[in-house]
1. Given the structure, is residue 66 closer than 21 Å to residue 215 by Cβ, touching a strand residue (DSSP E or B) at 6+ places or on another chain (Cβ under 9 Å) and buried (at least 16 other Cβ atoms within 10 Å of the Cβ)?
2. Could you say which residue among 80, 43, 57 is over 27 Å from residue 133 (Cα atoms), outside any strand (DSSP E or B) and touching a helix residue (DSSP H, G or I) at 6+ places or on another chain (Cβ under 7 Å)?
3. For residue 102, work out the one condition from (1) at pLDDT 90 or above; (2) touching a strand residue (DSSP E or B) at 6+ places or on another chain (Cβ under 9 Å); (3) under 24 Å from residue 153 (Cα atoms) it doesn't fulfil.
4. Among the numbered criteria (1) more than 13 Å from the chain's Cα centre (by Cα); (2) within 25 Å of residue 87 (Cα to Cα); (3) at pLDDT below 95, which single criterion is violated by residue 211?
5. Tell me which residues, restricted to the stretch 75-97, are closer than 26 Å to residue 225 by Cα and either free of Cβ contacts under 8 Å to residues at least 12 places away in the same chain or buried (at least 20 other Cβ atoms within 10 Å of the Cβ) (or both).
6. If you scan the stretch 60-69, which residues turn out to be part of a strand (DSSP E or B) and over 15 Å from residue 84 (Cα atoms)?
7. In the stretch 188-207, how many are under 16 Å from residue 153 (Cα atoms) and touching a helix residue (DSSP H, G or I) at 6+ places or on another chain (Cβ under 7 Å)?
8. Only one of (1) modelled with pLDDT of 90 or more; (2) in contact with a helix residue (DSSP H, G or I) (Cβ under 9 Å, 6 or more places away or on another chain); (3) under 30 Å from residue 25 (Cα atoms); (4) assigned to a helix (DSSP H, G or I) fails for residue 89. Which number is that?
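The values are calculated or read from the model by the stated rules, or taken from the named source; none is laboratory data. Quick caveat: nothing in here was measured; it's all calculated off a predicted structure. Cβ sites come from the backbone with ideal geometry, for glycine too, and all protein chains shown count toward neighbours.
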């Protein structure tokens, strides 16, 4: 694990986000340190993608703060935010390549937009970035001509184009076969070591998470349940069932998620949902008290 210095490169304090009155992030606090790989994990709908969007400045918090490189990005104007964005790269879940451009042109685009480098220097930079991800010989191909795993690699090369200090990954293993997923995981590990970048990876793929993480953060229903080292989470994952039953329910929930068990607090919580309420859209008592048909005739008229 990478030794952690005193000052975080990302500091999130008491982050709250609501949509239509519903709290999606509920007081999230998280520090990410330079050079480490932080994996943010949790089930579908737990808020991890919303948290990522706050870190890249797409969403603004309702409460709390998000500091990056010592600046509260939630207080920056668009120009200030764009300056910060040049210091980080993003690998989107789909790769998000432009289909009308070759792989090389996709990687060159940020350099053309945000630097004054000469064309020959940009060409060299593109080749270096494609070599890092093993795609230099595919530079002239279009996205439609390459596999899903190669698209992820190309997206990563583009994310590296401006030599970022932070890399954000949104479900990097999504939609990939196990072998390709393992290759992407190893690429993340190698690039983090070679380039000394800080990585924040949002995923629910546990094999991937335990391969790449230095530390891990577990979200559930918009709350931060636990932030700890990979080894600490691994010890919880390997806790025998008889010992796990004596743990607090929150720890049992984390253990179930890490292991992918079909029994535990997560499945009990889902089973406890009242089917009739879900089907009819409200508490069954209220529904039964509301007439299905209301007469339109005036009182007393037959």
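1. Considered against the rule, which asks whether it is closer than 21 Å to residue 215 by Cβ, touching a strand residue (DSSP E or B) at 6+ places or on another chain (Cβ under 9 Å) and buried (at least 16 other Cβ atoms within 10 Å of the Cβ), residue 66 comes out as yes.
2. Answer to the check: 43.
3. (2)
4. With respect to (1) more than 13 Å from the chain's Cα centre (by Cα); (2) within 25 Å of residue 87 (Cα to Cα); (3) at pLDDT below 95, residue 211 is out only on (2).
5. Result: 90, 91.
6. Answer for the stretch 60-69, where residues must be part of a strand (DSSP E or B) and over 15 Å from residue 84 (Cα atoms): 63, 64, 65.
7. Residues meeting the conditions: 5.
8. Looking at each condition in turn, residue 89 falls short on (4).
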